1. If each residue of separation counts as 0.36 nm, what is the full-extension length gain between residue 19 and residue 265 once their alpha-carbon separation is subtracted?
2. Given charges of +1 on the Cβ of Lys and Arg and -1 on the Cβ of Asp and Glu, with all other atoms neutral, how large is the dipole of segment 5-210 about its Cα centre, in debye to the nearest 20?
3. Please tell me the relative contact order of segment 5-210 in percent, rounded to the nearest whole number, where contacts are Cα pairs under 8 Å and at least six residues apart.
4. With θ set to phi - 60°, apply the Karplus curve 6.51 cos²θ - 1.76 cosθ + 1.60 along segment 111-120 and write out the HN-Hα couplings as whole Hz, x wherever there is a Gly or Pro.
5. Can you flag which of 145/242; 71/165; 109/232 are past 25 Å Cα-Cα?
6. Under the rule of at least 5 residues apart or a separate chain, name every residue whose amide H is placed under 5 Å from the amide H of residue 208.
7. Ratio of alpha-carbon Rg to the 2.2 N^0.38 Å globular estimate for segment 5-210, to two decimals, please.
8. Step through the residues of segment 164-169 one at a time and calculate ³J(HN,Hα) from phi using the Karplus curve (6.51 cos²θ - 1.76 cosθ + 1.60, θ = phi - 60°), rounding each to whole Hz and writing x for Gly and Pro.
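FYI, it's all coordinate maths here, none of it is from the lab. Note that this is a predicted model, so its numbers are computed, not measured. We place every Cβ from the backbone using ideal geometry, glycine too, and count neighbours over all the protein chains shown.
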Amino acid sequence: MKPRIAILIPAYNEEIVLEGTIAALVEAGCNPSDVYVVDDRSTDHTALIAQECGVHAYTVEVNGGKANAQKEALTHFKLLEAYDWIVFLDGDTKVDKDFMFHMTLCAVKDPSVALYVGQVKSAENSHVFSASRAVEYAYGQDLMKAGQSNFNVIFVSPGCASMYKTSMLAKLEIDHMTLAEDMDLTVQVHRQNGRVVYVPEAIVYTQDPSTLKDYNKQILRWYRGFWQVIAKHGTLSLFKRKQRIDWYMLLLIVDAIVFNRAIWLIGLMFYMPHNALALLAIDVGTAAAVTVYGAYRTKRLDCIYKFPLTYFITYLNIFAYTRSLVEILILKKELLTWNKVARYEFGTEKPSEPL
């Protein structure tokens, strides 16, 4: 029996991209009657476009953020009762033509899995941040997520490419008090002893920021959300019983802090100034090797010639990670502003600010 699969798209001011997102779903074989758009009180024509595309559309009464919109849509449309699986998709994300085929195949072959995770790729554009993300996604998913899946320690299933079994989703709390509801939900699946499996063939293409300002807003939101989830689930607590996922996240945290490449590079260059150029060359060479791998996997030559810029972007990431750690864990700040980034039409880009 073919599983019943719904697509849920929370949307806020997505009029530029939503039609393309829905069109890609239809091309992938998804029936418009199984697509649900929840409009978080947009100030543009998002809801109207959803209706014109022939999918279900619902506008919440009060703008309350992505998590609240998802919760309201699940209740309003009674999706947990009507479907076996629910795919969470973002308004700026296009699924590959075979996405639904592979997700459906997985649901049929092993319905015991609680959460299937698709592969995210950067929707190609000429801006440098797309090239940087293309490399990050290729390396992070090919080498990291595939391994995490084998040991059932995937700690974040992206909100733009996740398929939840409804019987599991019914047990979870979609919490608006973190900026990383996708990571929070993933950890909750582990708390329920559910299995999270990566499906590299189920590909989606998502937009990445086109300006430095938007890129910085996005990575700060991601890392702040990461530390908020860490704090919420007591991963760092000495007195809370640990699951396998906790030990894995602790390993990642230790790796990112103790073996922080920026700290080690600066420290070694300070204590061994005569070897400074050699140390820098090793760091640049390692980053270049990862970039070549990413360029090969994504068939994107721009990853190579934009490397001088993408190399420095990796240090922006390190700074954002460290800044967020201080803000959330040390200063105990409650930072829940979403800081939505600007959209642009697929295959184009809006005028961008200088890097």
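1. Numbers: separation 246, 0.36 × 246 = 88.56 nm, distance 4.62 nm.
The residue 19-residue 265 span can extend by a further 83.9 nm.
2. Working: 14 positive and 28 negative charges, 148 e Å.
Roughly 700 debye for segment 5-210.
3. Relative contact order, segment 5-210: 27 percent.
4. Along segment 111-120, the couplings run x, 6, 5, 8, 8, 9, 10, x, 9, 9 Hz.
5. Violating the 25 Å Cα-Cα cut-off are 109/232.
6. For residue 208, whose amide H was placed from the backbone, the distant partners under 5 Å are 123.
7. Working it through for segment 5-210, the quotient is 0.96.
8. Once θ is set to phi - 60°, the couplings for segment 164-169 become 9, 6, 5, 5, 7, 4 Hz.
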